[in-house]
Amino acid sequence: MASVKASPEAQLRLLELADLDAELGRLEHRRRSLPEHAELSRLEERDRELRDETAALQAREGDLRREQGKADADVEQVRSRITRDRTRLDAGQVNSPRELGNLQSEIESLLRRQSDLEDVELDVMERLEAAQSRLKDAAAERSEIAAEVAALTARRDVALAELAELSAKASDRRAAVLAEEPADLIDLYERLRAQHGGVGAAALRRGQCQGCHLSLNTVDLNAIRAAAADDVLRCEECRRILVRTDESGL
């Protein structure tokens, strides 16, 4: 069962190393899983939607302003013609009954045309006001998002700084433990850690491997009892380094 030799003290330090690695893994998971990350992503996505909508609304506003300008000009042109015809009529410049009838008919036609154009003008104004109102609402929402993003970013940065401090302490302690361990033992530990979800060594407690949580059979336990203290043992089930402790039940 043994392939590497190491003192019992060195083997026990592997358990501290495993605990430190587990702690570093938990801290990294917490760093990636901060709720602020998801909320910031949601807000950034919403802001992108609003930015795109704003660009489309601004283009629509420009089109509607041009449409309104044309509608205003059309109405003004008809009003001018009505004013001109009424001025001729009121000034008595038309003497022929036929011409007088034609002029009155034209004025009536122009009044109907003016009413139709004013309806168009009003419709354009309403659509322009709706676009401008939505632009205002979008700008207000983007301002709110900017404030939320700033607050969330500040909270996230505080949390990240705290996690970074904890990780730095754990990393410093890990480096100190590594410095005390033999190179071949660490090489084996790191290989197994990569193969087994970040757990390269586990304690044997009450006849059970704490890595895979399976109880060892009598044959394996007898082999462990017979092994030298400096034999580095492996769990026959999960193949992690199996560290003997006072609670191993041997």
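The values are calculated or read from the model by the stated rules, or taken from the named source; none is laboratory data. What you see is a predicted model, and the numbers here were worked out from it, not measured in a lab. Every residue, glycine as well, gets a Cβ built from its backbone with ideal geometry; the counts of neighbours run over all protein chains shown.
Points to keep in mind about this one:
- Here is the figure for region 221-250: residues that are in contact with a Leu (Cβ under 9 Å, 6 or more places away or on another chain) and farther than 18 Å from Ala22 by Cβ total 16.
- The single residue among Arg88, Arg155 that is part of a helix (DSSP H, G or I), free of Cβ contacts under 8 Å to residues at least 40 places away in the same chain, over 30 Å from Leu12 (Cα atoms) and in the same structural domain as Glu39 (by TED's automatic domain parsing) turns out to be Arg88.
- Any hit, region 216-224, residues being over 17 Å from Leu24 (Cβ atoms), out of contact with any Ser or Thr (no Cβ under 7 Å at 6 or more places or on another chain), touching a residue at least 24 places away in the same chain (Cβ under 8 Å) and not in a helix (DSSP H, G or I): no
- Complete set of residues in region 194-208 that are over 16 Å from Asp246 (Cβ atoms) and either touching a strand residue (DSSP E or B) at 6+ places or on another chain (Cβ under 7 Å) or surrounded by fewer than 19 Cβ atoms within 10 Å (Cβ to Cβ) (or both): Ala194, Gln195, His196, Gly197, Gly198, Gly200, Ala201
- Of all the listed residues (Glu108, Glu36, Glu45), the sole one being in a helix (DSSP H, G or I) and surrounded by 13 or more Cβ atoms within 10 Å (Cβ to Cβ) is Glu36.
- Any hit, region 87-96, residues being out of contact with any Asp or Glu (no Cβ under 8 Å at 6 or more places or on another chain), acidic (Asp, Glu), more than 30 Å from Ala131 (Cα to Cα) and at pLDDT below 95: yes
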